[in-house]
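This report concerns only the one structure given below.
The values are calculated or read from the model by the stated rules, or taken from the named source; none is laboratory data. From a predicted model like this one, the values you see are computed outputs, not experimental measurements. Cβ: placed from backbone, ideal geometry, glycine included. Neighbour counts: every protein chain shown. Heads up: the accessible areas ignore ligands, DNA and RNA and are worked out on the full protein's heavy atoms, side chains in. Shrake-Rupley method; radii C 1.70, N 1.55, O 1.52, S 1.80 Å.
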Amino acid sequence: MASSRPLSRFWEWGRNIVCVGRNYAEHAKEMGSALPTEPLFFLKPSSAYVREGSPIFRPYYCRNLHHEVELGVVIGKRAQAVSQEAAMEHVAGYALCLDMTARDTQEECKKKGLPWTLAKGFGSSCPVSDFVPKEKIPDPHKLQIWLKVNGKLRQEGDTSSMIFSIPYLISYISQVFPLEEGDLILTGSPKGVGSVEANDEIEAGIKDVLSMRFKVAQQTRGS
Ligand SMILES: O=C([O-])CC(=O)C(=O)O
Ligand SMILES: [Mg+2]
């Protein structure tokens with residue numbers, strides 16, 4: 001049944017979005033967080049996907065919406081408790097993603113010891129690029145990812161700086177729950193996260209591979 005669905009449109013299937021946090025030392029430092037000894041991860045609902053042409057909404061309860069640019073890994077084949085050695089066989093390709101974050105809400109959640117769903121899982125919190133088949137990216141740990149706001153460079157990171165590699169992440173997560181075809185793993189943000197306002201334009205890219213643009217809009221309560 002899997003083969004009838006084109007992986008190039010994985011975001012239309014309603015699959016899991018698994019986000020890894022604190023996977024770049026300099027970003028953990030700018031957030032005042034300790035370096036993880038094992039991956040930290042959380043989920044976004046699949047209704048968080050947004051594609052170019054639709055805006056990113058700042059939630060009505062958020063005063064400080066942050067951008068985080070991240071490499072996404074698209075799973076091509078179910079992975080249950082896979083080893084690091086076998087993990088890359090389960091990858092279909094990649095996408096560039098934004099882990100949009102209501103930073104003020106996240107700070108509140110951290111203080112109260114509450115889950116991050118309001119901060120990380122709102123509708124349009126996962127802008128995603130076109131799918132890039134893995135054959136086009138020989139080494140996903142040698143990519144430069146970048147993000148500009150209104151033409152000004154805010155984030156530039158190299159995926160070689162990830163604390164936990166992609167095979168490690170797949171192996172680790174797949175021990176907790178099975179990863180399925182079409183699932184997306186956001187591999188964490190490099191440093192330089194910052195605020196965006198309504199009407200700002202975010203442009204982000206993987207150097208020499210692709211770029212994407214999104215407008216920010218304000219959500220009003222009840223819409
Ligand atoms: O909110 C955070 O800083 C954790 C996170 O998503 C990341 O490191 O990418
Ligand atoms: Mg993130």
Exercise. Before anything else, pin down the relative contact order of the range 96-185: Cα pairs under 8 Å, at least 6 apart, normalised by residue count, whole percent.
Key: 19 percent
Quiz item: Rounded to the nearest 5, what is the percent of antiparallel bridges among the DSSP beta bridges in the range 2-218?
Solution: 85 percent
Practice problem: Hey, can you grab everything whose amide H is under 5 Å from the amide H of residue 143? Only 5+ residues off in sequence or another chain; H modelled, so Pro and N-termini drop out. | Solution: 159, 160
Quiz item: Once the Cα atoms of helix 103-112 and of the chain are each reduced to a long axis, what angle between those two axes, in degrees from 0 to 90 to the nearest 10, is obtained?
Solution: 80 degrees
Practice problem: Using a cut-off of 9 Å between beta-carbons, work out the net charge of the residues near residue 120 (Lys and Arg +1, Asp and Glu -1, residue 120 not included). | Solution: 0
Quiz item: Counting Lys +1, Arg +1, Asp -1, Glu -1, what net charge surrounds residue 173 among other residues with beta carbon under 12 Å of its beta carbon?
Solution: -3
Quiz item: Mind listing P(r) for the range 126-223? All alpha-carbon pairs, 10 Å bins, whole percents.
Solution: 12, 39, 32, 15, 1
Quiz prompt | Apportionment of accessible area to carbon and sulfur, the chain, percent (1.4 Å) | solution = 50 percent
Quiz item: Can you give the accessible area per residue of the chain, in Å², using a 1.4 Å probe?
Solution: 46 Å²
Exercise. Would you calculate a helix-derived [θ] at 222 nm for the chain, using -39,500 (n - 2.57) for each DSSP H run of n ≥ 4 and dividing by the full residue count, to the nearest 500?
Key: -4000 deg cm²/dmol
Quiz item: When only Cα pairs under 8 Å and 6 or more residues apart are kept, what is the percent relative contact order across the chain?
Solution: 32 percent
Practice problem: Based on a Kirkwood Rh over C-alpha pairs, give the Stokes-Einstein translational diffusion coefficient of the range 175-220 at 20 °C and viscosity 1.002 mPa s in µm²/s. | Solution: 152 µm²/s
Quiz item: If you build a Gaussian network model of the chain, linking Cα atoms that sit under 10 Å apart, which residue out of 62, 126, 19 swings the most?
Solution: 62
Quiz prompt | Under-5 Å amide H pairs with residue 94, H placed in peptide plane, nonlocal only | solution = 74, 132, 134
Self-check item: Contact order normalised by residue count of the range 77-144, Cα under 8 Å, 6+ apart, percent
Solution: 37 percent
Quiz prompt | Environment charge at residue 39 (Cβ cut-off 14 Å; Lys +1, Arg +1, Asp -1, Glu -1) | solution = -1
Quiz item: Using alpha carbons only, what's the Rg to Rh ratio of the chain with Rh from Kirkwood?
Solution: 0.94
Exercise. Express in nm, to one decimal, how much length is gained between residue 207 and residue 160 on full extension, taking 0.36 nm for each residue of separation and deducting their alpha carbon distance.
Key: 15.5 nm
Exercise. Round to a whole angstrom and tell me the spacing of the C-alpha centers of the range 1-78 and the range 161-185.
Key: 12 Å
